[in-house]
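Notes to accompany the following structure.
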Amino acid sequence: MIVWLNGPFGGGKTTLAAGLRRALPGATVADPEAVGDLLRSTLAGHTLRPKDYQDLPLWRHLTSSFVAGLARHTGGPVIVPMTVLNGAYAEEIFTPLRQADGGFHHLVVHAALAVLQERIAASREFPGDEARSEAVRAYRRRRASDYEQAATGWMHADGDVIDTSALTAEQTLDAALTHLRLPDPARPRSPEAPQA
């Protein structure tokens with residue numbers, strides 16, 4: 001099974017991915033950003049290096065192959081927390097993944113704009129490095145309207161939406177397991193983790 005977690009930057013995908021990893025035996029978390037970092041460093045200084053690695057057809061191909069290959073290799077669930085706002089890019093990545101053994105699930109971790117802005121303001125991606133943390137927050141704020149456009153344009157129609165606006169991390173995990181049609185496994189309740 002492959003579970004793609006989409007949604008706004010700073011909306012809680014990383015927190016949900018960690019919860020799903022704990023809840024699903026044998027699960028792994030695949031980070032397509034690592035594929036992007038590899039391409040970014042490989043193409044450093046090259047004239048074909050794009051500003052956003054998602055614009056590279058090679059990134060989309062490698063991401064799809066990486067996730068499908070990881071699912072075949074591990075045999076367990078693969079959770080992918082990655083915002084993809086461009087519908088054509090998502091279709092390019094998701095089409096081969098939909099054919100994977102065990103199924104493909106596109107979950108959209110949604111938060112109302114006001115809640116999203118609060119979460120972004122409270123986030124500290126780099127504790128002890130306020131300048132880097134603020135750079136991440138600024139990027140997330142800039143991309144919030146892009147998410148809203150994608151959400152109404154294609155994303156909410158394509159995926160199963162989990163509105164996390166009034167949910168705790170545990171409630172969000174329970175909602176995801178319900179969307180995946182999986183029982184809430186017997187597991188110790190962890191202390192409430194902040195939304196990512």
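The values are calculated or read from the model by the stated rules, or taken from the named source; none is laboratory data. In this text the structure is predicted, and so the values were computed from the model without any measurement. Only protein heavy atoms, including side chains, enter the accessible area calculation; ligands, DNA and RNA are left aside. Shrake-Rupley method; radii C 1.70, N 1.55, O 1.52, S 1.80 Å.
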Q) Given the rule -39500 (n - 2.57) for each run of at least 4 DSSP H residues, summed and divided by the residues of the chain, what is its mean residue ellipticity at 222 nm, to the nearest 500 deg cm²/dmol? A) -15000 deg cm²/dmol
Q) With the chain treated as a Gaussian network of Cα nodes joined by springs under 10 Å, which of L20, L38, L97 yields the largest mean-square fluctuation? A) L38
Q | Listed residues P127, P25, P57, most fluctuating in the chain (Gaussian network, C-alpha, under 10 Å) | A | P127
(Q) Mean Kyte-Doolittle hydropathy of 0.0 or higher plus an axial Cα length of 24 Å or more: which whole DSSP H helices in the chain meet both? (A) 57-74
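Averaged per residue, what accessible area in Å² does the chain show with a 1.4 Å probe, protein chains only? Intermediate values should be presented prior to the final figure.
Details: 9930 Å² over 196 residues.
In whole numbers, the chain has 51 Å² accessible per residue.
In whole percent, how big is the carbon plus sulfur part of the accessible area of the range 77-135, probe 1.4 Å, protein atoms only?
Details: 1500 of 2740 Å².
Roughly 55 percent, rounded to a whole number.
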